[in-house]
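Peer 1: Encoded as C-alpha cells, here's the structure I'll be asking about.
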Amino acid sequence: MDFRSPQPIIDALRERVEHGIFGYTRPPEGLSVAVITHLRDEYGWSIEEEWIVWLPGLVTGLNLACRAVGEDGDEVLSAVPVYPPFLSAPRNSLRNLVTTHLVDDGDRWVFDFNGMERAITGRTRLFLFCNPHNPVGRAFSREELSTVAEICLRHRLFICSDEIHSGLILDSDKKHTPLASLSSEIAAHTITLLAPSKTFNIPGLGCSLAVIPDPGLRGRFCSAMSGIVPSVNVLGYAAALAAYRDCGAWHRELLEYLRGNRDLVHQAINSIEGLSMHHLEATYLAWIDTRKSGLHDPPLFFEKAGVGLSRGSDFGDSGFVRLNFGCPRAILTEALDRMAAACNTIVS
Ligand SMILES: Cc1ncc(COP(=O)(O)O)c(C=O)c1O
C-alpha cells in the first residue's frame, strides 16, 4: 500500500534503532503472546506458542511447505488464478504443479469442487490455498472452507493456507475464518502462514510466521529451513509486536478507507465498456476482466495510458489484469480516469 504505517510501529522502530545494537536475535518478549491473543480475539482460534515458526517471508513459507510434504516428483495442487509464487513454489521444490480453476458463478469466484477432485492424483500431497484470496478478493465462507478441507483430508493431502490478507476483510458482515480453526483434524494437516505485513504495510521489514500444530509436520518444515532460511531481523520483530498489540484504531480506519476505494473501483471499472469485475469481499486488489475489451495486450495498453497493472497471465489467466487500490483516493481517481479515457479512444 501507499499508506504510512501506524504511528505505534514507527515509534517502536525508533526506539529499537536508538538501542543501537543490531545483532542476531530472538522474538521479543511478548510477541508470541500478542499473536496468540490476536488470533483468539479476532478469529476465536486458540493456538499454542510452540506451534509458531518465525519466518522472514511468506513466500519462503510457501516454498518450505512444498519441501516439507512428500518427495521429489510428487504433486502440489494450486487453484488458479492465484498469486504467482503459488505456481512457482512447487517447481522450485522439485514438485510438479497441478491446478484446478476457480470459476465465475456470475456474482463471484467459487471453487469447482468436482474439478478440484479430478485434478488430484495418487501423487498429489499438498494443496496451496490462499484465503482471503489474491487476486479474486474472496473471503471464503465456513461452508466453502469445510468442503475444501474435507476434499483434502479425504485424499490425504496436507494444506498450506496462506492467510496473509486475513486483516483485510472489507465486507462488514464477513469475518475471516482460519482454515485450521475448523477442527483439530484439519489443524493437524495444515500449515497456516500469517504476517502483519499486508495489513500494517510493513512487508519490507520481513516478519512472518507459520502456525503448525502437528509436531511431525512442524519438524519437517523446520528441517527444510535449516541452513537456508535466515532468522527474522530485529526491526521486523519490533514492528510485528507493535502491529499485533497497538494498532487496532489505525486498522479500523484503514478498512473504512479501503472500503471507499473498493466501491469507487467497482463502480468505475464496471462503467468502462469492455471491462468488468465482481464485488470484492477482501484485500486491496481488484481482479479485472478484460476479455471483452478487444485489447491485444491490456497491461501494456494501460501502462501506455499511465496506469501500472499486474499482468493476469502471471496469475494463470491472461484475460485479466490486477489493480492495487491500496493508495490515496486522489491517485486512484486519476488512475481510473486514465483507464476510462484510454478505453474511450478505442470505442470512439
Ligand atoms: C497471498 C500472498 N502471499 C504472500 C505474499 C508475499 O509475502 P512475503 O512478502 O512475506 O513473502 C503476498 C504479497 O503480495 C501475497 O499476496
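Peer 1: Evaluate segment 246-253: report whether one residue or more is under 17 Å from Leu31 (Cα atoms), modelled with pLDDT of 95 or more and of a type in the set (Asp, Glu).
Peer 2: Yes.
Peer 1: Looking at segment 178-235, which of its residues are polar (S, T, N, Q) and within 21 Å of the chain's Cα centre (by Cα)? Outline the logic, then answer.
Peer 2: Here is the first cut: in segment 178-235, the ones polar (S, T, N, Q) are 181, 183-184, 190, 192, 197, 199, 201, 208, 223, 226, 231, 233.
Once the filter is applied, which keeps residues that are polar (S, T, N, Q) and within 21 Å of the chain's Cα centre (by Cα), segment 178-235 yields Ser181, Thr190, Thr192, Ser197, Thr199, Asn201, Ser208.
Peer 1: Taking segment 97-117 as the search range and keeping residues that are over 19 Å from Arg322 (Cβ atoms) and in a loop (DSSP other than H, G, I, E, B), which one is nearest to the ligand (Cβ to nearest atom)?
Peer 2: Filtering segment 97-117 for residues that are over 19 Å from Arg322 (Cβ atoms) and in a loop (DSSP other than H, G, I, E, B), the one nearest to the ligand (Cβ to nearest atom) comes out as Phe111.
Peer 1: In addition: For Gly204, only one of the following conditions fails: (1) within 16 Å of the ligand (Cβ to nearest atom); (2) in contact (Cβ under 8 Å) with a residue 24 or more places away in the chain; (3) not charged (D, E, K, R). What is its number?
Peer 2: Condition (2) is where Gly204 drops out.
Peer 1: Checking the conditions here, which among Leu62, Leu87 is within 25 Å of Leu205 (Cα to Cα), buried (at least 21 other Cβ atoms within 10 Å of the Cβ) and either away from the ligand (no atom under 16 Å from the Cβ) or of a type outside the set (D, E, K, R) (or both)?
Peer 2: Working: Leu87 fails: buried (at least 21 other Cβ atoms within 10 Å of the Cβ).
That would be Leu62, the only listed residue that is within 25 Å of Leu205 (Cα to Cα), buried (at least 21 other Cβ atoms within 10 Å of the Cβ) and either away from the ligand (no atom under 16 Å from the Cβ) or of a type outside the set (D, E, K, R) (or both).
Peer 1: So which of Ser93, Ser46, Ser78, Ser32 is more than 26 Å from Leu280 (Cβ to Cβ) and buried (at least 21 other Cβ atoms within 10 Å of the Cβ)? Quick ask: steps written out before the conclusion?
Peer 2: On the way: Ser46 fails: buried (at least 21 other Cβ atoms within 10 Å of the Cβ); Ser78 fails: more than 26 Å from Leu280 (Cβ to Cβ); Ser32 fails: buried (at least 21 other Cβ atoms within 10 Å of the Cβ).
None of the others qualify; the one that does is Ser93.
Peer 1: Regarding Tyr43, is this residue within 16 Å of the ligand (Cβ to nearest atom), under 19 Å from the mean Cα position of the chain (by Cα), among the hydroxyl-bearing types (Ser, Thr, Tyr) and modelled with pLDDT of 95 or more? Let's see the steps before the verdict.
Peer 2: Details: within 16 Å of the ligand (Cβ to nearest atom): no; under 19 Å from the mean Cα position of the chain (by Cα): yes; among the hydroxyl-bearing types (Ser, Thr, Tyr): yes; modelled with pLDDT of 95 or more: yes.
It is false that Tyr43 is within 16 Å of the ligand (Cβ to nearest atom), under 19 Å from the mean Cα position of the chain (by Cα), among the hydroxyl-bearing types (Ser, Thr, Tyr) and modelled with pLDDT of 95 or more.
Peer 1: Being β-branched (Val, Ile, Thr) and under 17 Å from Phe320 (Cβ atoms) is the filter; apply it to segment 65-84 and report the residue that is nearest to the ligand (Cβ to nearest atom). Before the answer, list the steps.
Peer 2: Within segment 65-84, the subset β-branched (Val, Ile, Thr) is 69, 76, 80, 82.
Going one step further and asking which of them are under 17 Å from Phe320 (Cβ atoms), we end up with 80, 82.
Working: Val80: 13, Val82: 8 Å.
Filtering segment 65-84 for residues that are β-branched (Val, Ile, Thr) and under 17 Å from Phe320 (Cβ atoms), the one nearest to the ligand (Cβ to nearest atom) comes out as Val82.
Peer 1: Among the numbered conditions (1) assigned by TED's automatic domain parsing to the domain that holds Val136; (2) surrounded by fewer than 21 Cβ atoms within 10 Å (Cβ to Cβ), tell me where Gly260 comes up short.
Peer 2: All conditions pass for Gly260, except number (1).
Peer 1: Quick one: His133 ticks every box in (1) farther than 29 Å from Pro203 by Cα; (2) buried (at least 24 other Cβ atoms within 10 Å of the Cβ) except a single one, so which number is it?
Peer 2: Every listed condition holds for His133 apart from (1).
The values are calculated or read from the model by the stated rules, or taken from the named source; none is laboratory data. Owing to the predicted nature of the structure, the values given are computational and were not obtained by experimental measurement. Glycine gets a Cβ as well: all are built from the backbone with ideal geometry, and neighbour counts include every protein chain shown.
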